[in-house]
1. Just to be sure, is residue B:30 more than 8 Å from every other protein chain (Cβ to nearest Cβ), crowded, with 19+ Cβ neighbours inside 10 Å and more than 16 Å from residue B:116 (Cβ to Cβ)?
2. Counting only residues that are in contact with a Leu (Cβ under 6 Å, 6 or more places away or on another chain) and among the acidic types (Asp, Glu), how many does the range A:259-310 have?
3. Quickly run through the range A:257-290 and pick out the residues that are of a type in the set (S, T, N, Q) and out of contact with any Ser or Thr (no Cβ under 6 Å at 6 or more places or on another chain).
4. Within the bounds of the range C:149-158, is there any residue that is within 14 Å of another protein chain (Cβ to nearest Cβ), in contact with a helix residue (DSSP H, G or I) (Cβ under 6 Å, 6 or more places away or on another chain) and either under 19 Å from residue C:201 (Cα atoms) or not in a helix (DSSP H, G or I) (or both)?
5. Is it the case that residue A:81 is closer than 21 Å to residue B:64 by Cβ, in contact (Cβ under 8 Å) with a residue 12 or more places away in the chain and facing another protein chain (nearest Cβ under 8 Å)?
6. Taking the stated definitions as given, is residue C:125 free of Cβ contacts under 8 Å to residues at least 12 places away in the same chain, more than 17 Å from residue C:202 (Cα to Cα) and in a loop (DSSP other than H, G, I, E, B)?
7. Only one of these conditions is not met by residue A:194: (1) in a loop (DSSP other than H, G, I, E, B); (2) surrounded by fewer than 19 Cβ atoms within 10 Å (Cβ to Cβ). Which number is it?
8. Return the total of residues in the range B:21-48 being over 24 Å from the mean Cα position of the chain (by Cα) and part of a helix (DSSP H, G or I).
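The values are calculated or read from the model by the stated rules, or taken from the named source; none is laboratory data. From a predicted model like this one, the values you see are computed outputs, not experimental measurements. Cβ sites come from the backbone with ideal geometry, for glycine too, and all protein chains shown count toward neighbours.
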Amino acid sequence: MSLKHWNKKHIISIRDFSRDEIDFVLKKSALMEDKLSSSKPVKLMKGRILANLFFEPSTRTRMSFETAMKRLGGKTVGFSVAETTSEAKGETITDTVRVVEGYADVIVLRHPAEGAARVASENIKIPLINGGDGANQHPTQTLLDLYTIQKEYKKIDGLSIAMVGDLKYGRTVHSLANALESYNVKLTFISPRELKMPKRMVNRLRDKNIEVKETTKLNIGNADVIYATRIQRERFPDLQEFERVKEAYVLDEIILNKLKDDAIIMHPLPRVSEISPEIDETRHARYFQQSRNGVPVRMALLCLVCGVDF
Amino acid sequence: MSLKHWNKKHIISIRDFSRDEIDFVLKKSALMEDKLSSSKPVKLMKGRILANLFFEPSTRTRMSFETAMKRLGGKTVGFSVAETTSEAKGETITDTVRVVEGYADVIVLRHPAEGAARVASENIKIPLINGGDGANQHPTQTLLDLYTIQKEYKKIDGLSIAMVGDLKYGRTVHSLANALESYNVKLTFISPRELKMPKRMVNRLRDKNIEVKETTKLNIGNADVIYATRIQRERFPDLQEFERVKEAYVLDEIILNKLKDDAIIMHPLPRVSEISPEIDETRHARYFQQSRNGVPVRMALLCLVCGVDF
Amino acid sequence: MSLKHWNKKHIISIRDFSRDEIDFVLKKSALMEDKLSSSKPVKLMKGRILANLFFEPSTRTRMSFETAMKRLGGKTVGFSVAETTSEAKGETITDTVRVVEGYADVIVLRHPAEGAARVASENIKIPLINGGDGANQHPTQTLLDLYTIQKEYKKIDGLSIAMVGDLKYGRTVHSLANALESYNVKLTFISPRELKMPKRMVNRLRDKNIEVKETTKLNIGNADVIYATRIQRERFPDLQEFERVKEAYVLDEIILNKLKDDAIIMHPLPRVSEISPEIDETRHARYFQQSRNGVPVRMALLCLVCGVDF
């Protein structure tokens with residue numbers, strides 16, 4: 001895949017990615033991770049500036065992108081919502097990014113409104129990466145999820161992947177499922193009845209010949225990957241019901257002997273109680289590694305959209 | 001003009017600038033813009049630190065200065081009001097800048113109190129640049145305004161400049177008018193009766209033999225430069241009156257055929273509705289370019305006050 | 001003291017330091033200050049990243065560490081409490097630092113809870129420096145205090161040190177007293193009756209054969225070092241009593257002729273009224289210098305814990 005294909009490309013939604021494109025990013029991310037772990041400092045983005053525009057707080061995503069840019073020898077400017085002026089809030093997102101286009105070489109945008117990233121990208125000549133637009137898309141999270149799986153198993157095809165928790169509202173599981181459409185995987189969706197994966201998504205996956213099982217039981221004995229997500233209190237009118245449901249999907253010591261020997265547990269973090277800390281030191285835990293993987297994946301993407309070869 | 005003249009100089013008010021000094025900064029800014037657009041990264045401020053002290057939010061000004069410093073190969077530290085501790089708020093501005101003098105090589109200060117920048121600069125040995133002190137001064141905004149005009153017409157003398165909108169409270173138009181005192185320009189002040197340019201300023205300009213016209217009509221047919229500003233709701237006790245007035249000074253498609261062929265439209269941004277988005281793609285729009293021009297102007301100033309030759 | 005001794009060491013409390021370790025840090029800080037004042041930019045931390053995690057605002061400490069890292073040629077990422085998401089607030093500090101471990105090479109943590117730094121350091125492999133944990137410890141403040149004394153007198157042993165103000169709640173004076181335990185100094189504790197140094201601390205110092213005097217009078221005629229601290233209104237139920245007490249411990253022009261010729265006045269800053277501004281320009285004032293000394297001390301520590309030789 002040519003450098004030109006990626007140069008100036010906006011990264012808005014994982015749904016815009018073909019399987020070839022995803023595979024290319026994963027391959028480049030692995031190459032970047034090698035560079036990162038070598039002793040020579042990487043200077044691929046030396047002299048360039050990333051603008052982090054965070055209209056919604058997300059210290060984790062912001063820090064990951066900042067780290068990625070700085071590990072590339074580049075610099076960052078930006079803001080987080082806390083400092084935004086009331087005046088600036090009256091400005092359209094289109095104007096904001098056009099002003100920032102005068103400062104930076106690439107933009108990461110986090111915004112509470114669905115579709116904000118797409119709209120913002122339409123009038124600028126520098127590439128924009130969606131760092132999350134409301135409940136909608138967060139494509140770099142999905143790419144680092146896929147990278148974590150690929151890194152573990154050297155493949156994605158053929159794996160059995162269980163998603164656990166809030167499958168109704170969870171942005172990360174939706175995007176991951178979207179991306180997995182082009183792979184030959186078996187999916188198990190494990191959730192309380194109230195938080196099932198939307199029917200439309202299940203149908204779409206089945207149309208693509210993906211084998212999908214849905215269950216309310218924590219049946220993870222066949223899974224190569226368990227992708228856990230947080231169940232939020234706000235989703236339940238009844239506190240007691242929430243407590244009961246939350247309990248039922250906790251990954252703790254008890255589930256360890258049910259797991260396949262080399263199964264890995266992932267989580268987009270932050271977790272609250274859905275994964276018990278005693279899992280952290282087991283061979284199954286991959287969530288901290290997964291978070292760490294965001295750095296080489298974002299480094300690779302930043303270089304690709306800025307037309308920097310590596 | 002010697003390097004020594006600028007070294008360690010505080011930049012507090014555009015009124016402290018002679019015409020020679022302004023012209024020198026504009027010339028140096030053009031030189032800096034050439035450097036910026038060359039492929040070689042600029043390293044003039046390598047190893048130096050700028051402290052951005054923002055006691056009032058202004059992500060735009062802060063990002064512009066940060067970009068300027070980083071494009072020079074320098075680094076930045078600082079704070080914005082959101083993170084300021086209640087404890088720190090009890091400290092005098094004099095103490096704050098004396099502490100920061102121990103960290104940085106140059107300070108940019110934004111503060112809600114008029115005169116804060118002058119007071120802050122009095123006890124420190126490193127240069128301080130006023131990034132806006134309340135309704136008072138914002139000298140680098142004026143310099144980038146002048147730079148934008150100069151860049152367009154290769155001159156300022158002889159031009160006809162119309163200022164539109166809130167001329168009573170608008171800090172940017174006051175400072176720009178102050179600076180234009182030393183140039184041979186024709187000024188048209190276009191505003192609602194309630195928001196006229198202060199009499200004292202008009203008189204002062206006329207004393208300097210500047211031709212000044214005042215009108216409530218959007219007569220911009222002879223203007224080489226139209227400088228639009230925002231009319232704020234807060235200025236009007238009566239909402240209906242505000243709406244009527246606001247409508248009357250909107251620059252939109254209708255005014256396009258009244259403009260001189262090469263007239264440019266400027267605005268300090270953010271705009272709300274005073275310039276219609278359909279103007280953005282016309283040959284007249286210069287407001288995004290104007291904002292972008294802040295980077296080389298601030299780069300030039302940072303170098304000058306730090307005694308860095310270029 | 002070997003480089004290996006310091007590599008990956010967490011800096012949590014001054015009480016963890018032996019006298020040899022303190023002396024080593026002071027010696028290295030002096031070396032670092034020489035490097036800092038030379039014209040050659042220091043590049044000891046080039047390619048490395050410091051994460052500043054500020055769960056409590058402290059622009060001063062944050063800026064000092066950022067400056068230190070940037071003067072070393074390194075980069076910083078991080079957050080201050082203002083931008084923290086409610087979601088992230090539900091996360092344990094242990095999880096937060098494990099995630100950040102995936103981004104950075106060294107962490108500075110500021111947290112309102114006593115003991116937070118110790119807990120946070122327990123599960124990570126990169127070094128963590130305590131930037132203040134509630135009323136508990138702020139070891140780099142103590143090291144820069146000691147460095148300031150050592151720099152002035154070329155020794156600490158044999159000096160007479162007076163601490164003035166709130167000795168009951170003041171974190172800095174407690175830590176400084178702790179550190180001075182291993183030195184041969186004379187201590188005078190000057191405070192209102194309500195704000196005396198805790199008995200336990202006085203006893204501990206006397207057990208170590210430190211000569212300690214306690215008084216409510218501002219007797220500073222024999223002191224080589226006067227360490228002033230702020231008396232906070234919140235400590236007094238009665239406003240009138242607060243005003244009376246505050247007055248009694250103000251260092252102003254009147255006390256100047258009572259001081260030893262070469263006595264120095266220190267203060268952790270910010271000050272409010274406990275040191276009068278007319279002291280600032282006298283030969284006794286060292287508080288701004290003291291604050292500035294934090295930069296080389298923190299530079300030295302950052303290098304030591306990252307295993308960087310200098």
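1. no
2. Total meeting the criteria: 1.
3. The answer is A:257, A:273, A:276, A:282, A:289.
4. No: the range C:149-158 contains no residue that is within 14 Å of another protein chain (Cβ to nearest Cβ), in contact with a helix residue (DSSP H, G or I) (Cβ under 6 Å, 6 or more places away or on another chain) and either under 19 Å from residue C:201 (Cα atoms) or not in a helix (DSSP H, G or I) (or both).
5. So residue A:81 passes the test.
6. Values: free of Cβ contacts under 8 Å to residues at least 12 places away in the same chain: no; more than 17 Å from residue C:202 (Cα to Cα): yes; in a loop (DSSP other than H, G, I, E, B): yes.
Against the criterion (free of Cβ contacts under 8 Å to residues at least 12 places away in the same chain, more than 17 Å from residue C:202 (Cα to Cα) and in a loop (DSSP other than H, G, I, E, B)), residue C:125 does not qualify.
7. (1) is the only condition that residue A:194 fails.
8. Qualifying residue count for the region: 0.
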